[in-house]
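The values are calculated or read from the model by the stated rules, or taken from the named source; none is laboratory data. Quick caveat: nothing in here was measured; it's all calculated off a predicted structure. Positions of Cβ are generated from backbone atoms using ideal geometry, with glycine treated the same way; all protein chains shown enter the neighbour counts. Protein only, heavy atoms only, side chains kept; ligands, DNA and RNA dropped before computing areas. Shrake-Rupley method; radii C 1.70, N 1.55, O 1.52, S 1.80 Å.
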Amino acid sequence: MVGAGINGLCVAFHLVRLGARVVIVDQHDDGHPHGSSHGEERITRSSYEHPRWVADMQRCHAEEWPMLEELLGERLVHRGGDAVFFGPEGGRIGEYARAVSEAGAQVDELDPSDARRRFPAFTFADSARVLHDRSAGVLAAAATIRGLGRWLASKGVEVRRPFAVERVESRHGGIAVVGPSVIQADFAVLTVGPWVRRLVPGLAVRPARQHVGYWQFPLAKAGHFPAWVRLGVDELHYGLPTIAGGEMKAAFHDHGAGPGHDADELVPPSEVALQAVESRLREWFVAGVGPLARRETCFYTNAEDDQFLSSWTSDRVYTVSACSGHAFKLGPLTGRRAAEAVWFRAR
Ligand SMILES: Cc1cc2nc3c(=O)[nH]c(=O)nc-3n(C[C@H](O)[C@H](O)[C@H](O)COP(=O)(O)OP(=O)(O)OC[C@H]3O[C@@H](n4cnc5c(N)ncnc54)[C@H](O)[C@@H]3O)c2cc1C
């Protein structure tokens, strides 16, 4: 396994459960902030524009996350706050409404005036439609990463760090993973997030650095306050309450055009981007948005149409670039599918 973000750890988790012997390597230290999986929380939801993803998320909520919570012995999904999706006609809200209704998800469509009564902190300014996702919640992302690491260690899985892989190549009928030393294996699974084109040069993905802020917001506590996504005509803006409470994490989806999107460059969070997020927050909330408390950057690895890539990129190399800005919640299922693909090819 190359890469110890959520996808690498989930693939390793399922491979070990199937009976495989696994070694994980990562170029950075545990808990590093340079990729996509750091930070305390992520949104989970069933609302999506493609019925296939709605169905995948229904499975994640019914089976994958509960199994992970049971095996890791801790609460990873903070429910109770739900989520709201809103936006004007002409944005993607119509596609979301269609997809969730087709899949029979736990999502209700509310008239904006009913939504204002139900969620009085929100203005729902300019929104023609509001979806209330009752399956949604906040994932304890850092706790999931730590828990998977502990579980893998308890099964004897070694994580070698720092171990930067330069290339993977066919050797001796198997695969050589070449870095500070050479690891010979039957198969390699690459889950290297925004660095994926270094190891798989032709892959049609584009890393996109995100600028994320945490604003003081007294009401915002996971399990009590909704996560939200504002689906504009050509922008997506989202936020979620923190698990500790008292802050709202929020950002735009940045599609990654222009410079500044190389994951090896150290670029601080952009004040201009965060000011734009803040001014939109003041439109979506009646009151309560306090000063910016913290900021960070994080990476999406965008594929065409926000899709995920998870497939064989050579005979013995399976690549998971399931990272188009919204893949944490799907990690346990993506990991299961990738692990099964490798396990069955090995049989
Ligand atoms: C701001 C932000 C908000 C998000 N919000 C949500 C959300 O609310 N809900 C949701 O479901 N998802 C969300 N996501 C998406 C989700 O976090 C990512 O899709 C997911 O974390 C991707 O994980 P990964 O394991 O593929 O990549 P990463 O976490 O980037 O892991 C890749 C790992 O590979 C290692 N690596 C890379 N190259 C090499 C090499 N050559 N040798 C050795 N190691 C290497 C890196 O060091 C890294 O540790 C968000 C993402 C961001 C950035």
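Listed values, structure above:
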quantity: Where a residue in the stretch 182-210 is over 21 Å from residue 160 (Cα atoms) and its partner, wherever it lies, is among the polar types (S, T, N, Q) and open to solvent by 30 Å² or more (accessible area, probe 1.4 Å), with Cβ under 6 Å and at least six apart; calculated: 200/313
quantity: Selection within the stretch 244-269 - within 13 Å of the ligand (Cβ to nearest atom), part of a loop (DSSP other than H, G, I, E, B) and either surrounded by fewer than 15 Cβ atoms within 10 Å (Cβ to Cβ) or not acidic (Asp, Glu) (or both); calculated: 253, 255, 256, 261, 262, 263, 264, 269
quantity: Residues located in the stretch 45-60, provided they are outside any loop (DSSP other than H, G, I, E, B) and either within 12 Å of the ligand (Cβ to nearest atom) or open to solvent by 40 Å² or more (accessible area, probe 1.4 Å) (or both); calculated: 51, 52, 53, 55, 56, 57, 58, 59, 60
quantity: Residue in the stretch 206-235 that is nearest to residue 291 (Cα to Cα), counting only those that are within 14 Å of the ligand (Cβ to nearest atom) and open to solvent by 20 Å² or more (accessible area, probe 1.4 Å); calculated: 211
quantity: Filter result for the condition that a residue is farther than 24 Å from residue 242 by Cα, more than 16 Å from the ligand (Cβ to nearest atom) and either touching a Gly at 6+ places or on another chain (Cβ under 6 Å) or among the aliphatic types (A, V, I, L, M) (or both), over 115, 99; calculated: 99
quantity: Qualifying residue in the stretch 327-346 (condition: free of Cβ contacts under 8 Å to residues at least 12 places away in the same chain, over 26 Å from residue 89 (Cβ atoms) and open to solvent by 20 Å² or more (accessible area, probe 1.4 Å)); calculated: yes
quantity: Single condition residue 272 does not satisfy, out of (1) assigned to a loop (DSSP other than H, G, I, E, B); (2) surrounded by fewer than 16 Cβ atoms within 10 Å (Cβ to Cβ); calculated: (1)
quantity: Any chance residue 233 is more than 22 Å from residue 341 (Cβ to Cβ) and in a loop (DSSP other than H, G, I, E, B); calculated: yes
quantity: Residues being open to solvent by 10 Å² or more (accessible area, probe 1.4 Å), of a type outside the set (Ser, Thr, Tyr), within 11 Å of the ligand (Cβ to nearest atom) and closer than 17 Å to residue 150 by Cα - total across the stretch 10-44; calculated: 6
quantity: Pairs with Cβ under 6 Å, 6+ apart, first in the stretch 90-112 and open to solvent by 60 Å² or more (accessible area, probe 1.4 Å), second modelled with pLDDT under 95 and assigned to a loop (DSSP other than H, G, I, E, B); calculated: 90/233; 92/49; 95/49
quantity: Residue identified as part of a helix (DSSP H, G or I), more than 30 Å from residue 220 (Cα to Cα), modelled with pLDDT of 95 or more and open to solvent by less than 30 Å² (accessible area, probe 1.4 Å) among 152, 148; calculated: 152
quantity: Residue within the stretch 314-326 that is among the polar types (S, T, N, Q), surrounded by fewer than 22 Cβ atoms within 10 Å (Cβ to Cβ) and over 22 Å from residue 68 (Cβ atoms) present; calculated: yes
quantity: Considering residues of the stretch 155-173 that are within 10 Å of the ligand (Cβ to nearest atom) and outside any loop (DSSP other than H, G, I, E, B) only, the residue nearest to residue 24 (Cα to Cα); calculated: 160
quantity: Strands (runs of 3 or more DSSP E) (entirely within the stretch 282-347) containing at least 1 residues that are of a type outside the set (Val, Ile, Thr), farther than 30 Å from residue 170 by Cα and more than 11 Å from the ligand (Cβ to nearest atom); calculated: 292-303
quantity: Some residue of the stretch 174-190 being surrounded by 14 or more Cβ atoms within 10 Å (Cβ to Cβ), of a type outside the set (Asp, Glu), within 13 Å of the ligand (Cβ to nearest atom) and under 24 Å from residue 45 (Cβ atoms); calculated: no
